[in-house]
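Chemist: One structure is given below, represented as structure tokens, and several questions about it will come after.
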Amino acid sequence: MTMPNGADPLPPSDDDEHRLGPTRIRDLAAIAVVAGLLMWVLARYYYGLLPSLPWLAGISLYVLAALEVVIGFLVRARVSGGRVGSGKGQVHPINVARSVALAKASAILGAIALGGWLGMLVYLIDRLHIDVAAADMPATIVGAVGGLVLAAAALWLEHCCRAPDDPSPDATDAPPHPV
């Protein structure tokens, strides 16, 4: 972006490469693939030593996802309504930043959970003839879907925390639209 006089508003700095940007799905996919490969290797060598897979581990991901969706709607309503500040009925800017941090961490957790549960699922598919593997299959599916749901909810929360676009300079000079 250049100023009307042709000068750049701020020269590029070394800190620009370290800016916090939106979470990229390709990064989450890479995390899921690595987690899946690690879980598949662990399951291959240590599955016989593991206890049966817990349903609650997968269900807890749904609870986190539901909370993040609710937080997302609350933050979105206040941010889009311009109610960001320290007054009554407003969301404090630090709480929006905390919500972004929660969303980023949850997206990574969701990707790890998705990859881990899918790695276990791939391992179990070849062993469905074994009763223990067949019994672990439903918990594995619940966990994998829960990881996907959590990652999606986290991306939604992160999207809800975005500041509305600033109006363009031309928009302030334009006459209001007739009703």
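Chemist: Just round it to a whole percent: the fraction of Cα-Cα distances in the stretch 54-140 exceeding 15 Å. Mind showing how you got there, number by number?
Modeler: Working: 2519 of 3741 pairs.
The share of Cα pairs beyond 15 Å in the stretch 54-140 comes to 67 percent.
Chemist: Please give the peptides 21-31, 104-114, 55-65, 137-147 ranked by average Cβ packing (other Cβ atoms within 10 Å per residue), highest first, as a rough proxy for protection. Write out the running numbers ahead of the final one.
Modeler: Details: 21-31: 13.4, 104-114: 22.1, 55-65: 16.8, 137-147: 19.8.
Answer by packing, highest mean first, reads 104-114, 137-147, 55-65, 21-31.
Chemist: How many percent of all Cα-Cα pairs in the stretch 120-164 sit more than 18 Å apart? Numbers along the way, then the final one.
Modeler: Working: 469 of 990 pairs.
The answer is 47 percent, as a whole percent.
Chemist: Also, quick follow-up: Using a 1.4 Å probe, what is the accessible area per residue for the stretch 30-179, in Å²? Provide the component values of the computation, followed by the final result.
Modeler: Working: 9290 Å² over 150 residues.
Result: 62 Å² of accessible area for each residue.
Chemist: Taking 4 °C and 1.567 mPa s as the conditions, I'd like the Stokes-Einstein D for the stretch 28-179 in µm²/s, using the Kirkwood hydrodynamic radius from alpha carbon pairs. Intermediate values should be presented prior to the final figure.
Modeler: Values: Rh = 17.7 Å.
So the translational diffusion coefficient is about 73 µm²/s.
Chemist: Starting from the Cα gyration tensor of the stretch 11-117, multiply each eigenvalue by 5, take the square root, and state the resulting semi-axes largest first in whole Å.
Modeler: Numbers: eigenvalues 246, 87, 16 Å².
Square roots of five times the eigenvalues give 35, 21, 9 Å.
Chemist: So if we plug the beta-carbon distance of Ile130 and Arg98 into 1/(1 + (r/R0)^6) with R0 = 45 Å, what FRET efficiency do we get, rounded to 0.05?
Modeler: The value I calculate is 0.50.
The values are calculated or read from the model by the stated rules, or taken from the named source; none is laboratory data. Predicted model, so just to flag it, every value in this text is computed and none were measured. For neighbour counting, all protein chains shown are included, and Cβ atoms are generated from backbone atoms with ideal geometry for every residue, glycine included. Surface accessibility is based on the protein's heavy atoms, side chains included, excluding ligands, DNA and RNA. Shrake-Rupley method; radii C 1.70, N 1.55, O 1.52, S 1.80 Å.
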